[in-house]
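The values are calculated or read from the model by the stated rules, or taken from the named source; none is laboratory data. Keep in mind that what you see is a predicted model, and the values were worked out from it rather than measured. Because the Cβ atoms are built from the backbone with ideal geometry, glycine has one as well, and the counts that use them run over all protein chains shown.
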């Protein structure tokens, strides 16, 4: 009686070994490092060689250099060397690469080979800047209404419908004034045929004037707001990348808010400058009749302007702008169905579609360039004073050949890779904020406060852990020691799961671990008390052990499942810190069920199983 089959012992041994393996990286800590990334150039062995040469020429020693798929990590002995190396690497690679200060895990190579990495630390433990930003949804709708206003004027003129004015209504929608009721009826018919996103009504007014109210449909309003929020999040991700933040958190909160967390950033003013930068796009025809080198030498042809591609090659473009990025509704990367090459699918609004149609009709076979224009503002120190320096970056990100007359939807081809297509689609979508965004909450967590949080959180876990160990050992004797082993394994498994899932540990997450330490032995208390009750009823020690585990299981399962449901609700409806608490609590419940039932039963079976017992010390 009370014996496990071999496969159960092997299963427990394998799971515990995996837990120890993935928990181990967290004891090695982290070391100062630089993280090199780029959305415009490929991270390759050439990048590694370039960085290595630059550091050697500057006399800066580094510990190791790890080349990944999307980044390059350079490790250093201390932070002073890390800061010196940052400026050297930045100057060596140029502005196509982002060089971020980072803390790289000091995990041995043999552990990293297994994919074992330490868990991330949240803003409250590492320090940094937290912004809660709100998108002005009224401005997003107003922007959409202004686009419809321009399109309505154009369509009504083409349909020869006589109207007086088109203005935005104070309570929403577009108010159109006509000469008479007949013209109003004609206009209503044109709008209903051409603009399916608008619904028209005749307002009840006391005057004799003929009016028509065209309002954006409710479902279209919601979709416009959703797209505005998504585009702003995409734009913010790109701009945060310029800050050189290694592990930023940018996530949606509610229907119109965005949380931006920048671990390791203490300069709030710099963060605000980058997040508030403006960017636009322009489509211009390429001037293939003249040599760009003549323009480089100073002889720029009339009607043309000199630009540079990302590769550094000069290119001549017409001064006349065919289209701006404001007309782009959506952009998505894809694969061409004919030849399998990467492309980007563009969707324009009504006005943009007409301009593109007219602009490309007579220029089939010519090249159309996409110009990315970004205005940056940076605070620098000059003669002891902080001054604002503004810089405008203009570069050609693509110049494909126009294969046919383009309209509302078209493709940009001639791209080298799917990565370039994804990057181009992101730039087209994130060229500018879809609607104004305002910072409504801002706070800074210093690195010293973060370390203080880590120390206090660690102490709270250890104190609670040790007190529970002592109580269980004194009260339940050998069974208490078995429960202590299970509790220690439970902590190891929680850390291993957090590391395996690459979850972010926050201060509320530590609170969840502390709570789990107290709750983890609840199951053992129920089992041990049931065993004692069976012994008092006159059952044999072996039968009491068997009955204790069997009869207490339903109670343990009920208590843990109800707590798990509560944790899942917290995770579903909570935000940042509450989610962190819910994650650690959920993982703690799952691991404690395993350790408190299977692990303790296996140990008790090894100690007492298959023996004739006269007395049970519990």
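Just the residues that are farther than 27 Å from residue 249 by Cα and either buried (at least 21 other Cβ atoms within 10 Å of the Cβ) or within 38 Å of the chain's Cα centre (by Cα) (or both), please, taken from segment 553-588. Hits for segment 553-588 are 556, 557, 558, 559, 560, 561, 562, 563.
Within segment 500-511, the set of residues being surrounded by fewer than 24 Cβ atoms within 10 Å (Cβ to Cβ) and in a helix (DSSP H, G or I) comprises 500, 507, 508, 510, 511. Using the structure shown, decide if residue 56 is over 23 Å from residue 112 (Cβ atoms) and without any contact (Cβ under 8 Å) to a residue 60 or more places away in the chain. So residue 56 passes the test. Just to verify a result, which residue in segment 5-24, among those that are surrounded by 16 or more Cβ atoms within 10 Å (Cβ to Cβ) and in contact with a helix residue (DSSP H, G or I) (Cβ under 7 Å, 6 or more places away or on another chain), is nearest to residue 540 (Cα to Cα)? Among them, the one singled out is 12.
Restricting attention to segment 389-419, report how many residues are at pLDDT below 75 and buried (at least 19 other Cβ atoms within 10 Å of the Cβ).
Of the residues in segment 389-419, 2 are at pLDDT below 75 and buried (at least 19 other Cβ atoms within 10 Å of the Cβ).
The helices (runs of 4 or more DSSP H) falling completely within segment 263-376 that include 3 or more residues that are at pLDDT 80 or above and either under 30 Å from residue 230 (Cα atoms) or in contact with a strand residue (DSSP E or B) (Cβ under 7 Å, 6 or more places away or on another chain) (or both) map to 292-296, 350-361. Once segment 177-211 is narrowed to residues that are in contact with a helix residue (DSSP H, G or I) (Cβ under 8 Å, 6 or more places away or on another chain) and under 15 Å from residue 147 (Cα atoms), the residue that is surrounded by the most Cβ atoms within 10 Å (Cβ to Cβ) is 191.
Taken together, the residues in segment 163-179 that are at pLDDT 85 or above and either in a loop (DSSP other than H, G, I, E, B) or on the phi > 0 side of the Ramachandran plot (or both) amount to 1.
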